[in-house]
Amino acid sequence: MTDPVSGSASGRVPSTEGSSAEGAAAPRRFRVHHLRQAKERGKPLTMLTAYDAVTAPIFDEAGIDMLLVGDSIGNTMHGHPTTIPVTVDEMIPAVRAVARSTRRAMVIADLPFGSYEAGPDQCLATAVRMLKEAGAHAVKFEGGAHLTEHVALLTRSGIPVVAHLGFTPQSENLLGGKRVQGRGQDAAEKLVGDALELANAGAVAVVLEMVPGAVAARVTEVIDVPTIGIGAGADVDGQVLVWTDMAGMTSWSPRFSRRFGDVGAELHNAARSYAEAVREKSFPTSEHTFES
Ligand SMILES: Nc1nc(=O)c2c([nH]1)NC[C@@H]1CN(c3ccc(C(=O)N[C@@H](CCC(=O)O)C(=O)O)cc3)CN21
Ligand SMILES: CC(C)C(=O)C(=O)O
Ligand SMILES: [Mg+2]
């Protein structure tokens, strides 16, 4: 049995396709009370993005606590320059694939640009779709204290909300680009205030993106729910990265990221080997051929 808080797990989930071997007893799902528990115990939380049923079970089996189906699907998977064009109808199948293919991780659906800002009712309607049609366990959306009513309504409705402060990519046109947020006394105080209000409204965690380390540390100190940093330094309660950056799928990744693998190069080599085998006629052999 895996411990949802320590996150230790081993082995691989069987593919949903092909052989129908039953896995071991289902691990306990990582839930909202484990967030609180982790912060109390000082155990760092882990979050990665995931967008499909191929990679999500790999991350789940590796013991990642939370899988964020990020609107970063727009740039990472769909080839857009930003997250702005992403729609709810594009998010739903991705969230469904991640929820269906995982057993332990908490699955968090990012609400895309334009699907929640108009008011708490719009936000609730979108979040309900993410839970009902796609199987998400929680939702996340970008913005500060102006969204406290959104957070409060979803929380009253039984939907856990993760807040997202600092650099909020859906607002990059207003913020003037991909820039660090919360620099200077006033901006830092505003950020701390936003985090407090969102946490008081019921947010179960707060993502802090591209904020100075000292500001992230201050937010972490004053709110009683976990902070999850991305480009926010080490003095937070957990970290999140975009999986394609983490695994080294692309030649470029943001400065705050680290490549923990070279999966892009590995995939390149596999594809080259395959093509070479076909061209030199060493694949397929009789092993891969059906008899009449
Ligand atoms: N692949 C990917 N990784 C991410 O971390 C990520 C996404 N996509 N899409 C959604 C948001 C957007 N994010 C981004 C994207 C780019 C930069 C960037 O260009 N940063 C520059 C300049 C930073 C600075 O102002 O100092 C860098 O060099 O890292 C930052 C955050 C973070 N998120
Ligand atoms: C970078 C993370 C926090 C995100 O919002 C996303 O991947 O969409
Ligand atoms: Mg996002």
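The values are calculated or read from the model by the stated rules, or taken from the named source; none is laboratory data. Being a predicted model, the structure only gives us computed values, none of them experimental. Here the Cβ positions follow ideal geometry from the backbone for every residue, glycine too, while neighbour counts run over all protein chains shown. Surface accessibility is based on the protein's heavy atoms, side chains included, excluding ligands, DNA and RNA. Shrake-Rupley method; radii C 1.70, N 1.55, O 1.52, S 1.80 Å.
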*Within region 177-203, how many residues are assigned to a loop (DSSP other than H, G, I, E, B), open to solvent by 20 Å² or more (accessible area, probe 1.4 Å), away from ligand 3 (no atom under 16 Å from the Cβ) and within 25 Å of P160 (Cβ to Cβ)?*
1
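If you go through region 263-279 one residue at a time, how many are open to solvent by 90 Å² or more (accessible area, probe 1.4 Å) and not aliphatic (A, V, I, L, M)? Walk me through how you get there before you give the answer.
To start, the set of residues in region 263-279 that are open to solvent by 90 Å² or more (accessible area, probe 1.4 Å) comprises 266-268, 272, 274, 276, 279.
With not aliphatic (A, V, I, L, M) added as a condition, the list becomes 266, 268, 272, 274, 276, 279.
The total comes to 6.
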_E142 vs. criteria among the acidic types (D, E) and buried (at least 23 other Cβ atoms within 10 Å of the Cβ)_ = yes
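This table checks each residue for (1) over 17 Å from V204 (Cα atoms); (2) at pLDDT 95 or above; (3) in a helix (DSSP H, G or I).
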residue	(1), (2), (3)
Q122	yes, yes, yes
A127	no, yes, yes
H164	no, yes, no
E172	yes, yes, yes
*Name the residue, out of S282, S292, S251, that is over 18 Å from K140 (Cα atoms), out of contact with any Pro (no Cβ under 8 Å at 6 or more places or on another chain) and within 16 Å of ligand 1 (Cβ to nearest atom).*
S251
*When region 81-99 is examined, which residues are found to be assigned to a loop (DSSP other than H, G, I, E, B) and either surrounded by 19 or more Cβ atoms within 10 Å (Cβ to Cβ) or of a type outside the set (S, T, N, Q) (or both)?*
P81, T83, I84, P85, V86
*Could you list, in sequence order, the residues of region 153-170 that are touching a residue at least 40 places away in the same chain (Cβ under 8 Å) and crowded, with 18+ Cβ neighbours inside 10 Å?*
L154, P160, V161, V162, A163, H164, L165, G166, F167, T168, P169, Q170
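Per-residue answers, yes or no, for (1) touching a residue at least 24 places away in the same chain (Cβ under 8 Å); (2) more than 14 Å from ligand 2 (Cβ to nearest atom):
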position: T82; (1), (2): yes, no
position: I92; (1), (2): yes, yes
position: A97; (1), (2): yes, yes
position: P112; (1), (2): yes, no
position: A118; (1), (2): no, yes
*Restricting attention to region 52-70, which residues are within 14 Å of ligand 1 (Cβ to nearest atom) and open to solvent by less than 10 Å² (accessible area, probe 1.4 Å)?*
V69, G70
*Give A195, A136, A145 a once-over and let me know the one that is within 16 Å of ligand 2 (Cβ to nearest atom) and in contact (Cβ under 8 Å) with a residue 40 or more places away in the chain.*
A136
_Hey, G184 within 16 Å of ligand 1 (Cβ to nearest atom) and at positive phi or not_ = yes
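Yes or no, residue by residue, for (1) among the aliphatic types (A, V, I, L, M); (2) touching a Phe, Trp or Tyr at 6+ places or on another chain (Cβ under 6 Å); (3) surrounded by 11 or more Cβ atoms within 10 Å (Cβ to Cβ):
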| position | (1), (2), (3) |
| --- | --- |
| A216 | yes, no, yes |
| G229 | no, no, yes |
| F260 | no, no, yes |
| K281 | no, no, no |
